[in-house]
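The structure appears below as structure tokens.
The values are calculated or read from the model by the stated rules, or taken from the named source; none is laboratory data. Because the structure is a prediction, the values reported are computed rather than measured. Cβ coordinates were reconstructed from backbone atoms using ideal geometry, including for glycine residues, and neighbour counts include every protein chain displayed. Surface areas here come from the heavy atoms of the whole protein model, side chains and all, with no ligands, DNA or RNA. Shrake-Rupley method; radii C 1.70, N 1.55, O 1.52, S 1.80 Å.
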Amino acid sequence: MADRVHPRDSSPASSPISSKNSGGVATGTQTKHVLPSPGTYVVQVPKDQIYRYPPPGNSRRYEALRKRKPRRSCCCRCVCYTLFLLLILIIALGITAAVVYLVFRPEAPKYTISDVAIKNFNLTSSSPVSPEFDVTIRAENPNNKIGIYYRKGSSVTVFYSDVRLSNGELPEFYQPSTNITVFQTPLKGSNVLLGNAVKTALRNEQMKGKVPFKVNIKVPVKVKVGAVKTWEITVKVKCDVTVNTLTAKSKIISKDCKYSVSLW
């Protein structure tokens, strides 16, 4: 064990004292060691008790600290690898999209309404009406190497102002490249209640020969690029159509169709 020296009161340190004999020749030398100043301790520790590692009481803490560092470094490494892979994936997708565009040169399909026939639109009766619209839609695919699959779940709706008059759906079919498909879609309404203001506006517009309607088309499609089919996307078409009368012999005076695509 270590030797401990307790403090004690001592006289000031003295220098070595030499004694001389009567002949003036030094006969011996007496040396006094320098003592520590009062109130201090001197601890002597043997070399074999000096620890290179933490004492047993702190070993658990030391091990815990040593194990934490690799976890942090592993987490940082995983995050860096993930970000790197995402960057590579984004670059690859961008290059693929650019190549597909340059090879296939995709063009947006075109939609329009070529004819409308109206039935059972009685504005003189006070009872609800059940109007029918036979809408002829023209779909054009101008692409050379891209086909379009029209899927189930489509809808076609006719509105006058904010009143829904009739609705139906498109048939399922495949439209090949550089193709124009014209199909007639029957739309039916049931027990549509028209207010007096709506009936009056319709009669006045029919007398002027300009009755405006809105035709909204929503259809899920899949695009075929070469031998690959895309996921299901939604095409939305909104057409402003004006006819001259509310009969089966009505003619389209003006039309304007706009479309948008929802990828998800």
Sequence of Y81, Y149, Y160, Y174 from largest to smallest accessible area, 1.4 Å probe: Y81, Y174, Y149, Y160
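Taking the Cα centre of the range 109-199 as origin, work out the dipole magnitude from +1 charges on Lys and Arg Cβ and -1 charges on Asp and Glu Cβ, in debye rounded to 20. Before the final figure, lay out the partial values.
Working: 9 positive and 7 negative charges, 27 e Å.
For this selection, approximately 120 debye.
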Long pairs among K188/K251; K208/K238; K145/K214, criterion Cα-Cα beyond 22 Å: K208/K238; K145/K214
20 Å Cα-Cα threshold exceeded, pairs from K152/K236; K152/K229; K110/K210: K110/K210
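Sum up the charges of everything whose Cβ sits under 14 Å from the Cβ of K222, counting Lys and Arg as +1 and Asp and Glu as -1, but leave K222 out.
Details: positive: R151, K152, K224, K229; negative: E172, E232.
Once positives and negatives cancel, what remains is +2.
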Net +/- balance of residues flanking R164 in space, Cβ distance below 13 Å, scoring K and R +1, D and E -1: +1
